[in-house]
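Participant: The structure is given below, and queries will be raised subsequently.
Readers should treat all values here as calculations from the given coordinates under stated rules, not as data from a laboratory. Being a predicted model, the structure only gives us computed values, none of them experimental. Quick reminder, even Gly has a Cβ in these numbers, built from the backbone with ideal geometry, and neighbours come from all protein chains shown.
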Amino acid sequence: MQTNDQKPLTKIAIVLLSPQYIRSWIDSGLVDDLISGGDVDCTIFAPKHIIERINDYKIVKKVLISSIEPSRSATNLVAMSWVASRKRSSTFRFALTRTFRTDYRFFAFGNGRQAFWGQSKKNLKTICFNALKKRLVILYSIKPIRVVRTMLYRRLEVQQRLPKEMVSGGFHLMVIPCHAVDELITDYLSSARNIGLKSLVAIDNWDNLTSKSVFVVQPDYLTVMGKRCIEHAAEIHSIDRSKVFPYGLPRFDTYRKDLPSREENEFDATVEILYAGFSLPHAEIAVANSLWNGLKDRFPNQKIRFTYRPHPIPIPRIDGVTEVEAGIRITEHGKLDRTNMPKMDEEYLASMINADVVIGAPTTMMFEAMLLERPCIIDGTSDKFHRTNAASAIRNYTHMRDLLSVSNLPIASEVDEILEHIGLIIEKKVQFVKYEMEHLYDKGDPTYSAQLKEFLTEMRNGN
């Protein structure tokens, strides 16, 4: 029983729908921070495959979401939103191209006629599969059919899809970490609105607002990585700027705290090169091999340690290069059963901190290396096999163009150009590079957890 001198509790329902949010909200210590003051009560709602992975997390109550099947109304509205909103972001259009033309080029003859015909058949099968799976997107590409939108919204507004424990639990706020504007999130946002439960969507990565379609139902509040994302929320999703908070990312709180110091620089003895793999099909092993051979030719008397760190999710590639050259070290990610992603531990941070040069397509790890002020070079090379190669991705992805707007970040379209940049870094013994990227993520701000706790305090006080 609450006494008069006790603070009123703010009750939060945290909905975790993907294993990667375990890393962001539990392993990062965020939930622990929220409840540490004794005035916030958190309950985690999650499906079975998430609950099983956090069974050992006893500090908060966990409620099983028995069904994650979305409603027909949400399914139709999300499909309609994707195709109807495609002009709002070049990434939306590229996503449609990837879906209905695949990630792989049809006319890639580099590996011989037999490989060409084999890949062409695979592409056709993929297109047929995607067309069947995304048949509603095809249907709603016919504009007159979208007249059913009003009817679908009405159906969405009268249904209740939240777990009964959330509906009757007296919660003040529903928080949903999010990397995609999908059907289930649409159901939850609509159902929360129906019962007057405030909602906060925590965007979980730097690309999510520009690449995952438009919100069918807007949340009451949105947290994003940086100030540039406020513009994306307003321009692409038509969300009021006053409802969008650039708190950062929970797992990026690491970069706002004390970090392990860089080991004593040994440029003259060993140059550490880290090549970060791409999250899309790109002939990156061929690029890494060419860089390794080029470095040995250009710097025959320099000891070089070259590490290739592939993306943790296996990416199928069709350029025929599957093995790295002898002498290149490969990062082994090990089992990723808990979160499907590597831990952001000291070993992970050290792989970037101790690198003299970090190279890769514009991915999250490159973003992190820039936050650590490592000398970075963007691999912007192309290839004739993958529709998603680095050069193509840079042209088509809105969030990647945001990163490339950083003025002192070198971008190379050829392997020789990457080698030239590496040579300059080695010759000048560049230790650190201060990137002007506060508009994308401000390391000087308080941690995500501190800012969220302040928001909850204001909410509790009625501000």
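Participant: One quarter of the convex hull surface, Cα atoms only: what value does that give for the stretch 375-463 in nm²?
Facilitator: Mean projected area of the Cα convex hull: 8.7 nm².
Participant: Can you sort His421, His399 from fewest to most other Cβ atoms within 10 Å of each residue's own Cβ?
Facilitator: With the fewest neighbours first, His421, His399 line up as His421, His399.
Participant: A further question follows. Could you estimate the translational diffusion coefficient of the stretch 72-147 from the Stokes-Einstein equation, with Rh from the Kirkwood formula over C-alpha pairs, at 25 °C and 0.890 mPa s, in whole µm²/s?
Facilitator: After rounding, the answer is 177 µm²/s.
Participant: Taking a virtual spin label 7 Å from the Cα of Asp32 along the C-beta vector, which residues in the stretch 53-70 bring their backbone nitrogen under 17 Å of it?
Facilitator: Under 17 Å, as judged by backbone N against the label point of Asp32, lie 54-61 of the stretch 53-70.
Participant: Taking only the alpha carbons of the chain, what extent do you get along each of the three principal axes, in Å, biggest first?
Facilitator: 74, 56, 38
Participant: Related question: If you restrict to DSSP beta bridges whose two residues both lie in the stretch 258-428, what percentage is antiparallel, to the nearest 5?
Facilitator: Approximately 0 percent, going by the DSSP bridge assignments.
Participant: Another one. On C-alpha positions alone, give me the angle between the axis of helix 90-101 and the longest principal axis of the chain, in degrees, nearest 10.
Facilitator: It works out to around 80 degrees.
Participant: For Ser199, what residues show an amide H to amide H distance below 5 Å, using hydrogens built from the backbone and excluding near sequence neighbours?
Facilitator: Under 5 Å from the amide H of Ser199 lie the amide H atoms of Met174, Asp220, Tyr221, each far enough along the sequence or on another chain.
Participant: What list of ³J(HN,Hα) values in whole Hz, one per residue of the stretch 221-233 in order, does the Karplus curve 6.51 cos²θ - 1.76 cosθ + 1.60 (θ = phi - 60°) give from phi, with Gly and Pro shown as x?
Facilitator: Computed from phi, the couplings for the stretch 221-233 are 9, 9, 10, 9, 6, x, 5, 4, 5, 4, 5, 5, 4 Hz.
Participant: Over the alpha-carbon set of the stretch 185-256, work out the extent along each principal axis and list the three values in angstrom, largest first.
Facilitator: Here the spans come out as 38, 24, 21 Å, largest first.
Participant: Give the distance, in whole Å, between the Cα centre of the stretch 278-352 and the Cα centre of the stretch 403-463.
Facilitator: Going from one Cα centre to the other spans 22 Å.
Participant: To continue, here is another question. Which trypsin sites (Lys or Arg not before Pro) in the stretch 393-463 sit in a loop by DSSP (not H, G, I, E or B) and have at most 12 other Cβ atoms within 10 Å of their own Cβ?
Facilitator: Here the trypsin sites (Lys or Arg not before Pro) that fit, given the DSSP loop and packing criteria, are Lys429, Lys434.
Participant: May I pose another question? Roughly how big is the chain's charge dipole about its Cα centre, with Cβ charges of +1 (Lys, Arg) and -1 (Asp, Glu), in debye to the nearest 20?
Facilitator: 2660
Participant: Let me ask something additional. Report the trypsin sites (Lys or Arg not before Pro) located in the stretch 13-69 that are in a DSSP loop and have at most 10 other Cβ atoms inside 10 Å of their Cβ, or state none.
Facilitator: Those satisfying the criteria are Lys58.
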